[in-house]
């Protein structure tokens, strides 16, 4: 009998039929709910899981005694207890390098929406413009040219954001746990400490993974360091920002506004105070949500699963497992 591969329902919906098409020669593929209490007995026999945002911990792993690999559909894997997987000899992979462009483009899109008030402008044209006799009665925007972009977390995505910002003529600075000297020379970006970045940037863009050290990285103190004319962009993970403090900052105009693709709780509840704020743009965790990027992510998951089922080491192990023999 072929080994079983369970595919998260959300991941399958992104790529209908693709996993079965590419894996059916070596495995039986089961699109399935992967939430504890909803997992069928057949699915529990799976040797591989292609995972969305479901939480993986010891309780989850105990449901899958034959599991060899969890292929995370995305670059972030804070929903996976890698240590627990490693103890059980289960590979954990992710999809690095292929989604940086899409997330960087959304980041710049949020910056443009905020700086040129595009959401408000669209609403204005639909409801008010014809009444004004061609005079534009809309708050003026600001240029990106000459503004300071501060990037917190200068990995693959942060780098691609800087590449795009350079073309707008923005001045750039970054903070990271490691200096990137080559990037500084190539892009003309300046390394600064976190406090300096927050004080001087006109746009602060977050591109850090969610770890115990980055959880709540931007809180009341950090928001109060920012200029009252500055904007915060978060396309990384919601809990990197203290959401209650951000709501207060937006209400009381500590900062000019924010562009958020990620939230402390997802989907964002309709009773969230963010919903009623006019100086924030909200998108539904869609940084990688393009045809090209989602297909590339799926194909990388397939590559990782094929390797594991053939008894080989998957090519895209998470960093914690790269140094260890599983």
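What follows draws every value from the coordinates through simple rules; no lab data is involved. Keep in mind it's a predicted model, so treat the numbers as computed, not measured. Cβ: placed from backbone, ideal geometry, glycine included. Neighbour counts: every protein chain shown.
Some values worked out for this structure:
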| quantity | calculated |
| --- | --- |
| For the chain, diffusion coefficient by Stokes-Einstein and Kirkwood Rh (Cα), 10 °C, 1.306 mPa s, µm²/s | 74 µm²/s |
| Projected-area average for the stretch 208-326 over all orientations - Cα convex hull basis, square nanometres | 9.7 nm² |
| Mean Cα-pair separation over length for the chain, i.e. relative contact order, pairs under 8 Å, 6 or more apart, % | 17 percent |
| Candidates 154, 168, 263: whichever shows maximal mean-square fluctuation once the chain is modelled as a Gaussian network with Cα springs under 10 Å | 168 |
| Fewest-first sequence of 113, 301, 85 by Cβ atoms within 10 Å of each Cβ | 113, 85, 301 |
| Relative contact order, percent, the stretch 84-229 [alpha-carbon distance under 8 Å, six or more residues apart] | 22 percent |
| Rg followed by Dmax, in Å, when the stretch 100-282 is reduced to its Cα trace | 16.5, 55 |
| Percent antiparallel among DSSP beta bridges (both partners in the chain, rounded to 5) | 0 percent |
| Candidates 131, 213, 224, ranked by Gaussian network fluctuation over the chain, Cα under 10 Å, top entry | 131 |
| Kirkwood Rh, angstrom, the stretch 95-135 [1 / mean 1/r, Cα pairs] | 12.3 Å |
| Viscosity 0.692 mPa s, temperature 37 °C, Stokes-Einstein D of the stretch 44-184 from Kirkwood C-alpha radius, µm²/s | 174 µm²/s |
| Least to most buried among 107, 127, 95, 283 (fewest other Cβ within 10 Å first) | 127, 283, 95, 107 |
